[in-house]
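Following: one structure in structure tokens, then a few remarks.
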Amino acid sequence: IFGRKIRYRTPENIVGEMKYLKEHFGVSHIELVDDAMTVNQNQVMSLCQVIKESKLGLSWSCITRIDCITPLLLKNMKEAGCVMINYGIECGNNQTLKRIKKGYKSEKIREVIQWTKNVDINCDVNFMTGFPWENQYEIKITTKLIKEIRPFVNRISLGILTPMPKTEL
């Protein structure tokens with residue numbers, strides 16, 4: 001929908017804006033709205049370093065993918081003030097995860113949720129239903145995963161799939 005080109009802002013530019021918001025508007029929390037915040041982990045590590053060096057004292061949250069997280073990245077994000085991550089999981093069925101090209105299996109979901117909990121970062125998760133091939137059995141698999149991770153997440157959102165024009169679905 002949005003294309004394939006990514007334009008990165010420098011960590012210094014982002015932290016400068018965070019500082020401005022804190023000083024001029026008294027902001028204490030920033031939500032970094034980027035659909036895949038941690039796709040470029042080196043960029044995020046640099047951002048975390050600049051945030052730590054700035055000693056702003058702001059908390060922040062972000063959105064990302066399960067397959068773009070490591071324990072080291074989570075540790076650095078926590079040290080830099082990250083208090084919440086919103087993960088786009090979509091479903092718990094491995095066949096559907098493969099069909100929608102998520103690049104991981106449900107075991108990875110469980111693992112990353114646990115890593116996130118271990119570093120004391122809260123997480124929200126997003127699921128979808130309504131895939132054209134989805135049946136009751138597949139929905140039950142996703143429901144089982146939701147029940148498993150429920151103790152470790154703040155909020156679970158469930159959306160209905162809406163295929164967009166010019167997309168694969």
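Each value in this text was obtained by applying a stated rule to the coordinates, not by laboratory testing. Note that the structure is a prediction, hence the values are computed from the model and not measured. We place every Cβ from the backbone using ideal geometry, glycine too, and count neighbours over all the protein chains shown.
Quick notes on this structure:
- Loop GluC sites (Glu not before Pro), segment 112-169 (other Cβ atoms within 10 Å of the site Cβ: 14 or fewer; DSSP): Glu168
- Whichever lysines have a C-alpha closer than 20 Å to that of Lys105, once near sequence neighbours (fewer than 8 apart) are set aside: Lys117, Lys140, Lys144, Lys147
- For segment 90-129, backbone nitrogen atoms closer than 15 Å to the point 7 Å from Ser157 Cα along Cα-to-C-beta are found at 90-91, 123-129.
- Hits among lysines - C-alpha to C-alpha of Lys52 under 19 Å, sequence gap 8 or more where chains match: Lys19, Lys22, Lys75, Lys78
- Sorting 39-46, 154-161, 69-76 by their mean Cβ neighbour count within 10 Å, with the most densely packed peptide first, gives 69-76, 39-46, 154-161.
- Here's the list of lysines a cross-link from Lys166 could span, going by alpha-carbon distance under 24 Å and ignoring same-chain residues fewer than 8 apart: Lys5, Lys98, Lys101, Lys102.
- Overall, the chain carries a charge dipole of about 340 debye about its Cα centre when +1 sits on the Cβ of Lys and Arg and -1 on the Cβ of Asp and Glu, all other atoms neutral.
- Cut-off under 5 Å, modelled amide H: who pairs with Arg65 long-range: Met37, Thr38
- Matching label, Rg/Rh (Cα atoms, Kirkwood Rh) computed from the structure shown, candidates (i) 1.05; (ii) 0.95; (iii) 1.00: (iii)
- Simple label model, 7 Å out from Cα along Cβ direction - Asn118 to His29, nm: 2.6 nm
- Between the Cα long axis of helix 106-118 and the first principal axis of the chain there is an angle of about 30°, rounded to the nearest 10.
- Where trypsin sites (Lys or Arg not before Pro) fall in DSSP loop in segment 1-56, at most 10 other Cβ within 10 Å: Arg4, Lys5, Arg7, Lys55
- Cα long-axis angle, helix 136-149 against the chain (0 to 90 degrees, to the nearest 10): 30 degrees
- Karplus-derived 3J(HN,Hα), 6.51/-1.76/1.60, for each residue of segment 19-28, Hz, glycine and proline x: 4, 4, 5, 5, 6, 8, 10, x, 5, 10
- Rounded Å value of the spacing that divides the Cα centres of segment 104-119 and segment 124-138: 19 Å
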